[in-house]
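The structure appears below as structure tokens.
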Amino acid sequence: MRLSHGFVRGESLSCIYHGWSYAQTGNCLRIPAHPGLVPPKTIRVVTHAVEESDGVIWVAVGQPEDGPPRLEDLIPLRSLTALADVAAIESAVGAKASAESVVEFAQSAGTICLLLSAQDEGKTLIHVLIKGTADPATRIAASRAVESLRRKAEDLQKKGVAQ
């Protein structure tokens, strides 16, 4: 079970399956099946640098050279996974992503920004951000527009058009 499915309990992260608890430094604090055991120091998970900026939580794999990009005037709306690579998403949008991996597109709900994060081969995590403040109807319209864009990108990926 992935630890990302776990939950925060106090200052520790606990596995939802076994209940093992880990400190911020990555060392195991507690194994519920063995309450009297002090977990060995060798039981640990890899940790990464984390920083919140403009409403987005950034995780750096390795040592970051600089801080996360500024996303001023953008409001995080939602995140979703596309079964398509970044090139297919750029093709569906009709624009290339910036150096910060942000691609913008205009839609009836306003300007929508997509923060793209390549995952396993053929998958991309899409963080949807909208400019300025938006009422619930505008947020729903933006979310639907991105769902349509995801389907289009996945179709392009299947057809091999964006590669």
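Which one of these is under 27 Å from residue 136 (Cα atoms) and of a type in the set (A, V, I, L, M): 43, 16, 31, 89?
Numbers: 43 fails: under 27 Å from residue 136 (Cα atoms); 16 fails: under 27 Å from residue 136 (Cα atoms); 31 fails: under 27 Å from residue 136 (Cα atoms).
Checking each option against the conditions leaves just 89.
In this entry, residue 88 is excluded by the filter for residues that are surrounded by 16 or more Cβ atoms within 10 Å (Cβ to Cβ) and under 25 Å from residue 60 (Cβ atoms). Considering 57, 89, the condition of being in a strand (DSSP E or B) and either without any contact (Cβ under 8 Å) to a residue 24 or more places away in the chain or hydrophobic (A, V, I, L, M, F, W, C) (or both) is satisfied by 57 alone. The single condition from (1) loosely packed, with under 11 Cβ neighbours inside 10 Å; (2) within 21 Å of the chain's Cα centre (by Cα); (3) β-branched (Val, Ile, Thr); (4) over 20 Å from residue 59 (Cα atoms) that residue 8 fails is (4).
Within the range 74-88, does at least one residue satisfy the condition of being of a type in the set (Ser, Thr, Tyr) and more than 18 Å from the chain's Cα centre (by Cα)?
Narrowing the range 74-88 to residues of a type in the set (Ser, Thr, Tyr): 79, 81.
Next, from what is left, pick out any that are more than 18 Å from the chain's Cα centre (by Cα): none.
No, the range 74-88 has no match at all.
Entry remark, the range 132-163: residues being surrounded by fewer than 16 Cβ atoms within 10 Å (Cβ to Cβ) and either touching a Cys at 6+ places or on another chain (Cβ under 7 Å) or among the charged types (D, E, K, R) (or both) number 7 in total. Taking the numbered list (1) buried (at least 17 other Cβ atoms within 10 Å of the Cβ); (2) farther than 20 Å from residue 70 by Cβ; (3) in contact (Cβ under 8 Å) with a residue 60 or more places away in the chain in turn, residue 127 passes all entries but (2).
Listed residues 76, 68; which is within 30 Å of residue 139 (Cβ to Cβ) and in contact with an Asp or Glu (Cβ under 7 Å, 6 or more places away or on another chain)? Spell out the reasoning first.
Values: 76 fails: in contact with an Asp or Glu (Cβ under 7 Å, 6 or more places away or on another chain).
Only one candidate qualifies: 68.
Being exposed (fewer than 10 other Cβ atoms within 10 Å of the Cβ), out of contact with any helix residue (DSSP H, G or I) (no Cβ under 6 Å at 6 or more places or on another chain) and of a type in the set (A, V, I, L, M, F, W, C) holds for only one residue in 61, 56, 50, 45, and it is 61. Summed over the range 107-153, residues that are closer than 26 Å to residue 58 by Cβ and either of a type in the set (Gly, Ala, Ser) or touching a helix residue (DSSP H, G or I) at 6+ places or on another chain (Cβ under 9 Å) (or both) total 21. Reported count of residues in the range 1-42, each being over 30 Å from residue 69 (Cβ atoms), part of a loop (DSSP other than H, G, I, E, B) and out of contact with any helix residue (DSSP H, G or I) (no Cβ under 7 Å at 6 or more places or on another chain), is 18. Among the residues of the range 60-82, just one is without any contact (Cβ under 8 Å) to a residue 40 or more places away in the chain and among the basic types (Lys, Arg), namely 70.
Quick note: the coordinates plus some simple rules give every number you see, no bench work behind them. Because the structure is a prediction, the values reported are computed rather than measured. Positions of Cβ are generated from backbone atoms using ideal geometry, with glycine treated the same way; all protein chains shown enter the neighbour counts.
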